[in-house]
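Undergrad: My structure is below; once you've seen it, I'll send some questions.
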Amino acid sequence: MTLIDLGDMDGNTDARALPPPSRAVGRPVRVALTVLLVLVTLTASAGPVVQSRATVPAAAGAAVFLSGERLFVVQPPPTRADDGRSELVTYPVPQRAAPGWQRPEPLWRVPLPPGSRSWRVEVVSAGVLVSVSGREQTTLLLDADTGRTRWTAPGIAITDGSDQVLLQTLANQPTLRAVELATGRERWAVPVPMTGVDQRFRDGVIDRVVRALPGGPVEVLDSRTGSVLHQLDPSAGQRPIHHQVQVAGDLVLMVRSRPATLVAYEVDGLRQRWSTALPRVGRVTPCGVLLCVVGQTGGVRALDPATGAVRWYADELRAVLSVAGGPLVGIRPSDDGDRIQVLDPATGRVTADLGTWQLVPWADRDQPLLVTRGAAGGGLVLAEVIDSAGGVRIREVMHDAVGGCVTGGGAVACLLREDTGGGVGVWQLD
């Protein structure tokens, strides 16, 4: 499934962002300032693996992104007026170790559309893709070497590594359009409801788009042409009353509001697979071989994707994260951070309690799951959750870091203490 989630500029420097694909520093985070004792099993290989570290300036409320071997900083305008222009500044991420902090010079800087409040920045094959949301939603493709604008189009980008990008507008008349990545030329466009559209990924590429229009049919579209491949006829009495649609693997998951039911259809053919009574469905995420349904007010139910049967329920969880080839991690809220627990995917039983950490925003199951907590004497301990036995690997002690961390391109970036100069620190990992 695809989540369109942009970093939000709210003037708070203790901030973080959520991807999918790159994430911004723009939302408040809680910084754990205590705890010396690591209440987890440390692997024998634990230890620093940082190759280099660098620092760049960043104003209060800046948004930060790591993608490829680039660091992108969206600097806020001098005033909060709607016509103020934020500025995108691009830096190289140093790849070689050097004594002390390295201070790279900007590669280029460009103004962004006026009135922008949130952003997403990603290095793609054709350049640098920037999605901006504010008074309007706009995506720009910039030249990677110069920052020159190659094309601009309405909508927020959904990328998949191919030569095509999907652009979704969320306001006025919501629309999904497909454009050529290199040129911005439109291939097709269809109207979509805000929560009634999702995509299926096959081998890392979007091959199907599912849309469900209120009062209309449920349709599966070819992502390359926009043509309708399958349609669920509402006159047949099969279409559920819904407020959202999600794709999980080869299933289309839809919500029937009265009575509250989650209904699963096969993407290919839209044949109903199963129906399960579930109250207040929020979102569906992978849970190993199961599907985890997170409630709107918390709680997680794990379902058998073949039958819809509930295998286990954990009422105190607010989220689950499934690392490819790694552990299933449950997140429980606490007063001083996120309590992170390793779960048995088959039963939901807690196999290891890792204590309280702050999650580094994470959206790619193939990437390591990083966490931070306060370090003795200041700064943050950076660790990676590595196995189902509950082990973590300490990656680095990031001196002067205070939170708002993001990761990408084999590096991690965090906000630095204001009393030591502030800005953003970047640590290169192996």
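The values are calculated or read from the model by the stated rules, or taken from the named source; none is laboratory data. Because the structure is a prediction, the values reported are computed rather than measured. Using ideal geometry, Cβ is built from the backbone for each residue, glycine included, and neighbour counts are taken over all protein chains shown.
Undergrad: Would you mind listing the strands (runs of 3 or more DSSP E) fully within the stretch 338-387 where at least 3 residues are of a type in the set (Phe, Trp, Tyr)? If you could, list the steps in order and put the result at the bottom.
TA: Details: elements: 350-359, 369-374, 380-385.
So the answer is none; nothing clears 3.
Undergrad: If you don't mind, another one. Working only within the stretch 394-430, note down all residues that are charged (D, E, K, R), in contact (Cβ under 8 Å) with a residue 12 or more places away in the chain and surrounded by fewer than 19 Cβ atoms within 10 Å (Cβ to Cβ).
TA: Arg417, Glu418, Asp430
Undergrad: Exactly one condition in (1) over 25 Å from Asp198 (Cβ atoms); (2) surrounded by 15 or more Cβ atoms within 10 Å (Cβ to Cβ); (3) more than 25 Å from the chain's Cα centre (by Cα) is false for Val342; which is it?
TA: Tallying (1) over 25 Å from Asp198 (Cβ atoms); (2) surrounded by 15 or more Cβ atoms within 10 Å (Cβ to Cβ); (3) more than 25 Å from the chain's Cα centre (by Cα), Val342 fails exactly one: (3).
Undergrad: Still on this model: Give Leu232, Leu262, Leu221 a once-over and let me know the one that is under 29 Å from Val124 (Cα atoms) and modelled with pLDDT of 85 or more.
TA: On the way: Leu232 fails: under 29 Å from Val124 (Cα atoms); Leu262 fails: under 29 Å from Val124 (Cα atoms).
That would be Leu221, the only listed residue that is under 29 Å from Val124 (Cα atoms) and modelled with pLDDT of 85 or more.
Undergrad: Restricting the stretch 139-155 to residues that are of a type in the set (Val, Ile, Thr) and surrounded by fewer than 21 Cβ atoms within 10 Å (Cβ to Cβ), which is nearest to Gly68 (Cα to Cα)? Walk me through how you get there before you give the answer.
TA: Within the stretch 139-155, the first condition is being of a type in the set (Val, Ile, Thr), and the residues that meet it are 139, 146, 149, 152.
Now drop any that are not surrounded by fewer than 21 Cβ atoms within 10 Å (Cβ to Cβ), which leaves 146, 149, 152.
Values: Thr146: 16, Thr149: 19, Thr152: 22 Å.
The extreme case among them is Thr146.
Undergrad: Same structure, new question: Which of the numbered conditions does Ser275 fail, given that it passes all the others? Conditions: (1) assigned to a strand (DSSP E or B); (2) more than 22 Å from Arg365 (Cα to Cα); (3) modelled with pLDDT under 90; (4) of a type outside the set (Val, Ile, Thr).
TA: With (1) assigned to a strand (DSSP E or B); (2) more than 22 Å from Arg365 (Cα to Cα); (3) modelled with pLDDT under 90; (4) of a type outside the set (Val, Ile, Thr) applied to Ser275, the lone miss is (3).
Undergrad: Restricting the stretch 345-374 to residues that are touching an Asp or Glu at 6+ places or on another chain (Cβ under 7 Å) and within 16 Å of Ser322 (Cβ to Cβ), which is surrounded by the fewest Cβ atoms within 10 Å (Cβ to Cβ)? Give the steps one after another, and end with the answer.
TA: Taking the stretch 345-374 as the starting set, the residues that turn out to be touching an Asp or Glu at 6+ places or on another chain (Cβ under 7 Å) are 351, 356-359, 368-370.
Those still in the list that are within 16 Å of Ser322 (Cβ to Cβ) too: 351, 359, 368-370.
On the way: Thr351: 15, Leu359: 21, Pro368: 18, Leu369: 22, Leu370: 23.
Ranking the qualifying residues of the stretch 345-374, first place goes to Thr351.
Undergrad: Consider the stretch 219-234. How many of its residues are touching a strand residue (DSSP E or B) at 6+ places or on another chain (Cβ under 6 Å) and of a type in the set (Gly, Ala, Ser)?
TA: Just the residues of the stretch 219-234 that are touching a strand residue (DSSP E or B) at 6+ places or on another chain (Cβ under 6 Å), to begin with: 219-223, 226, 228-232.
So of that shortlist, the ones also of a type in the set (Gly, Ala, Ser) come out as 223, 226.
Count: 2.
Undergrad: Can you tell me which residue is surrounded by the most Cβ atoms within 10 Å (Cβ to Cβ) among those in the stretch 292-317 that are closer than 21 Å to Asp387 by Cα and within 20 Å of the chain's Cα centre (by Cα)?
TA: Going through the qualifying residues, I end up with Cys292.
Undergrad: Shifting gears a bit: Out of Ala182, Ala178, Ala171, report the one residue that is among the hydrophobic types (A, V, I, L, M, F, W, C), surrounded by fewer than 19 Cβ atoms within 10 Å (Cβ to Cβ), out of contact with any Cys (no Cβ under 8 Å at 6 or more places or on another chain) and at pLDDT 95 or above. Full working, then the answer.
TA: Numbers: Ala178 fails: surrounded by fewer than 19 Cβ atoms within 10 Å (Cβ to Cβ); Ala171 fails: at pLDDT 95 or above.
Of Ala182, Ala178, Ala171, the one residue that is among the hydrophobic types (A, V, I, L, M, F, W, C), surrounded by fewer than 19 Cβ atoms within 10 Å (Cβ to Cβ), out of contact with any Cys (no Cβ under 8 Å at 6 or more places or on another chain) and at pLDDT 95 or above is Ala182.
Undergrad: Considering only residues of the stretch 242-259 that are under 25 Å from the mean Cα position of the chain (by Cα) and surrounded by fewer than 17 Cβ atoms within 10 Å (Cβ to Cβ), which is modelled with the lowest pLDDT?
TA: Step one: list which residues in the stretch 242-259 are under 25 Å from the mean Cα position of the chain (by Cα), which gives 242-255.
If we keep only those that are surrounded by fewer than 17 Cβ atoms within 10 Å (Cβ to Cβ) too, we end up with 243, 249-250.
On the way: His243: 62, Gly249: 92, Asp250: 94.
That would be His243.
Undergrad: Please return the ranges of strands (runs of 3 or more DSSP E) entirely within the stretch 286-336 where 3 or more residues are at pLDDT below 90, among the acidic types (Asp, Glu) and closer than 16 Å to Ala248 by Cβ.
TA: Values: elements: 290-295, 300-303, 310-314, 319-322, 328-334.
Ranges flagged: none.
Undergrad: Examine the stretch 268-283 for a residue that is of a type outside the set (Phe, Trp, Tyr) and under 30 Å from Gly403 (Cβ atoms), and state whether such a residue exists. Walk me through how you get there before you give the answer.
TA: Step one: of the stretch 268-283, the residues of a type outside the set (Phe, Trp, Tyr) are 268-273, 275-283.
Restricting the remaining residues to those that are under 30 Å from Gly403 (Cβ atoms) gives 282-283.
Yes, because at least one residue in the stretch 268-283 is of a type outside the set (Phe, Trp, Tyr) and under 30 Å from Gly403 (Cβ atoms).
Undergrad: Of all residues in the stretch 77-88, which are at pLDDT 90 or above and either under 25 Å from Ala363 (Cα atoms) or crowded, with 17+ Cβ neighbours inside 10 Å (or both)?
TA: Within the stretch 77-88, the first condition is being at pLDDT 90 or above, and the residues that meet it are 86-88.
Across the stretch 77-88, the qualifying residues are Ser86, Leu88.
Undergrad: Taking the stretch 89-119 only, how many residues are buried (at least 16 other Cβ atoms within 10 Å of the Cβ), modelled with pLDDT under 95 and either within 26 Å of the chain's Cα centre (by Cα) or in a loop (DSSP other than H, G, I, E, B) (or both)?
TA: Looking only at that region, the number is 11.
Undergrad: Moving on. Which pairs turn up if I take residues in the stretch 132-160 that are over 23 Å from Asp207 (Cα atoms) and look for partners that are in a loop (DSSP other than H, G, I, E, B) and among the β-branched types (Val, Ile, Thr) with beta carbon separation below 7 Å, at least 6 apart in sequence or on another chain?
TA: Listed pairs, sorted by first residue: Trp151/Thr183.
Undergrad: Considering only residues that are part of a loop (DSSP other than H, G, I, E, B) and more than 21 Å from the chain's Cα centre (by Cα), look in the stretch 194-220 and name the one that is nearest to Leu141 (Cα to Cα). Break it down into steps so the answer makes sense when it comes.
TA: The initial filter retains those residues of the stretch 194-220 that are part of a loop (DSSP other than H, G, I, E, B), namely 194-196, 203-204, 213-217.
Of the ones still in play, those that are also more than 21 Å from the chain's Cα centre (by Cα) are 213-217.
Values: Leu213: 30, Pro214: 33, Gly215: 36, Gly216: 34, Pro217: 34 Å.
Across the stretch 194-220, the extreme among qualifying residues is Leu213.
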